[in-house]
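Step one of this worksheet: look at the structure below.
The values are calculated or read from the model by the stated rules, or taken from the named source; none is laboratory data. Quick caveat: nothing in here was measured; it's all calculated off a predicted structure. We place every Cβ from the backbone using ideal geometry, glycine too, and count neighbours over all the protein chains shown.
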Amino acid sequence: MFSRKEFFKKVALPAGLLLGGTILNANSIHLEESMPDFSPFTGTPEEIAQDEAFWFQVQQSFTVDRSLINLNNGGVSPCPNIVLEAMKRYLDYSNKAPVYTMWQILEPERETVRKRLAAMFACDTEEIAITRNASEGLQILELGFDLKAGDEILCCTQDYPRMITTFQQREKRENLKLVQFKVPVPAEDPAEIVRLYEKNITANTKLILVSHVINLTGQIMPVRDIVRMARKRDIPVIVDGAHSFAQFKFNLADLECDYYATSLHKWLLSPIGTGMLFVRKNKIANIWPMTPAPSTMADNIRKFEEIGTHPAANTLAISESIIFHNGIGAERKEARLRYLRDRFYKRLMKLPNVQTNTSLKKEFSCAIGNIGIKGIEPGALAAYFFSKHKIIVTPIGHEECTGLRVTPNIYTTLDEIDMFCDAFEKVSKNGLV
Ligand SMILES: Cc1ncc(COP(=O)(O)O)c(C=O)c1O
């Protein structure tokens, strides 16, 4: 481990210089100088997950408001300062003469981002489109398949509301049928889940949507098994990976899917307004882009990026977030996220009146925990935590998994988790007083 002096030289140098009154050109700060050095730390991911010296560095890499205890990182996450600074540099440079500096110089650099994302997902670079969020990637897929009246689309009742709404619009416009079914909460039997999908397939089923992680509970779904089952029946499966990418370690080989879309502003900690779409190479030509592209691009993954004028800064700063992610290490991050989630979940689940909706088994969840107090409506509970304690959590009113969705992130401190637990325990004992 390096000394406090070395730490401040590395992590706090830029801020220190600015506070000292020196006017710095942002471009003169080398990224390496403001990036924490994780190299002295050794041990298994589970050991590192409990090494507060390691995570102190990570916590200090963010400029979040510590007077708020933000335990809703599932919605959208703040990015580390190094990512934010990169985005600002690109934004400044774009604005010099956008038609030249943004379109001619920066825009072509997105190809490097594509390569880095493809390396992370372990697919071909020509299979990755950079989008503005998971919704965009998923809607490209949901709207991009040719279907005809009477065709059925299958998903579960816990898929993301916008992704369901998107299919409902197709239902109305094209006379299709959306079939939804329930999955158990929590779901700890992958074979049973696959059977449920299988049971709801009919001769008319032409498309399946499955969430890799269910946003309501953090449930990890057996995507590969569902894809294998559907492939035997020639039914394409769209994988909603909004919550999985960079939350825990996996890649394409673990999913075996042909279609996957994710946000990057959740767990990869990229700038807000970034996402990724994967379409297997031989499937690209069959999907209509949501924003039409020239026919010469029919089998080019970039046809999904024909969205008109857009900022280059957000996209290019994705690289910084990938470097940050790899610097920490995917396994260490996964282990820490689970450690933070377990810290509140294992303490609170012992209370007599709690409602638990998340499996703690490693293969079924990671960073997210859904937990509630019986008899207290989650909206009222979340509002109470915010007004009384400035703690942000997400109320889940879904009838199958009522509770609070609590999602710490790698910048969350242990005492922030403990403050949440103290507040929760008081309500569990005394009610909303
Ligand atoms: C499962 C799931 N799918 C899709 C989305 C949409 O993501 P975005 O808002 O980044 O488009 C979310 C957002 O929370 C989600 O949880």
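So, in segment 234-274, exactly how many residues are more than 14 Å from the ligand (Cβ to nearest atom) and assigned to a loop (DSSP other than H, G, I, E, B)? Can you show your working first?
Within segment 234-274, the first condition is being more than 14 Å from the ligand (Cβ to nearest atom), and the residues that meet it are 234-237, 248-258.
Narrowing the set further to residues that are assigned to a loop (DSSP other than H, G, I, E, B) leaves 234-236, 249-251, 256-258.
Summing the residues that are more than 14 Å from the ligand (Cβ to nearest atom) and assigned to a loop (DSSP other than H, G, I, E, B) in segment 234-274 gives 9.
Output the number of residues of segment 333-377 satisfying the condition of being in a loop (DSSP other than H, G, I, E, B), closer than 14 Å to ASN73 by Cα and of a type in the set (A, V, I, L, M). Show your work before the answer.
Taking segment 333-377 and keeping what is in a loop (DSSP other than H, G, I, E, B), we get 349-353, 357-361, 365-368, 374-377.
Still in the list and also closer than 14 Å to ASN73 by Cα: 366-368.
Remaining after also requiring of a type in the set (A, V, I, L, M): 367-368.
Of the residues in segment 333-377, 2 are in a loop (DSSP other than H, G, I, E, B), closer than 14 Å to ASN73 by Cα and of a type in the set (A, V, I, L, M).
Kindly indicate whether any position in segment 334-353 is modelled with pLDDT of 95 or more, more than 20 Å from CYS123 (Cβ to Cβ), within 16 Å of the ligand (Cβ to nearest atom) and touching a helix residue (DSSP H, G or I) at 6+ places or on another chain (Cβ under 6 Å).
no
Quick one: would you say ASN73 is modelled with pLDDT of 95 or more, of a type in the set (S, T, N, Q) and within 20 Å of ALA242 (Cα to Cα)? If you could, list the steps in order and put the result at the bottom.
Numbers: modelled with pLDDT of 95 or more: yes; of a type in the set (S, T, N, Q): yes; within 20 Å of ALA242 (Cα to Cα): yes.
Yes: the conditions hold for ASN73.
Which of the residues spanning segment 297-330 are within 24 Å of the chain's Cα centre (by Cα) and at positive phi?
Residue satisfying the conditions is GLY329 alone.
Of the residues that sit in segment 74-133 and are within 16 Å of the ligand (Cβ to nearest atom) and surrounded by fewer than 21 Cβ atoms within 10 Å (Cβ to Cβ), which one is farthest from ASP258 (Cα to Cα)?
Of everything passing the filter in segment 74-133, PRO78 is farthest from ASP258 (Cα to Cα).
The conditions are (1) surrounded by fewer than 21 Cβ atoms within 10 Å (Cβ to Cβ); (2) within 16 Å of the ligand (Cβ to nearest atom); (3) hydrophobic (A, V, I, L, M, F, W, C), and VAL213 fails exactly one of them. Which is it?
(1)
When residues of segment 179-210 are filtered for being outside any helix (DSSP H, G or I) and either more than 16 Å from the ligand (Cβ to nearest atom) or buried (at least 19 other Cβ atoms within 10 Å of the Cβ) (or both), how many remain? It would help to see each step written out before you state the result.
Quick first cut of segment 179-210, residues outside any helix (DSSP H, G or I) only: 179-189, 200-210.
Imposing the further condition that a residue be either more than 16 Å from the ligand (Cβ to nearest atom) or buried (at least 19 other Cβ atoms within 10 Å of the Cβ) (or both) reduces the set to 179, 181-189, 200-210.
Total satisfying the criteria: 21.
Would segment 275-296 turn up any residue that is under 16 Å from the mean Cα position of the chain (by Cα), farther than 30 Å from GLY403 by Cα, of a type outside the set (S, T, N, Q) and away from the ligand (no atom under 11 Å from the Cβ)?
Yes, segment 275-296 contains at least one residue that is under 16 Å from the mean Cα position of the chain (by Cα), farther than 30 Å from GLY403 by Cα, of a type outside the set (S, T, N, Q) and away from the ligand (no atom under 11 Å from the Cβ).
Have a look at GLY137, GLY150, GLY218 and point out the one that is part of a loop (DSSP other than H, G, I, E, B), within 13 Å of the ligand (Cβ to nearest atom) and either modelled with pLDDT of 95 or more or more than 20 Å from HIS398 (Cα to Cα) (or both). Working first, answer last.
Values: GLY137 fails: part of a loop (DSSP other than H, G, I, E, B); GLY150 fails: within 13 Å of the ligand (Cβ to nearest atom).
Every option except GLY218 fails the conditions.
Filter the helices (runs of 4 or more DSSP H) completely within segment 35-122 down to those with at least 3 residues that are more than 21 Å from ARG338 (Cβ to Cβ).
Numbers: elements: 45-48, 52-59, 81-94, 110-121.
Per the criteria, 81-94, 110-121.
Return the pairs, sorted by first residue and then second, in which the second residue is away from the ligand (no atom under 15 Å from the Cβ) and of a type in the set (Val, Ile, Thr), the first residue lies in segment 114-141 and is closer than 17 Å to ASP159 by Cβ, the beta carbons are less than 9 Å apart, and the residues are 6+ apart or on different chains.
ILE140/VAL279; ILE140/ILE287; ILE140/THR291; LEU141/VAL279; LEU141/ILE287
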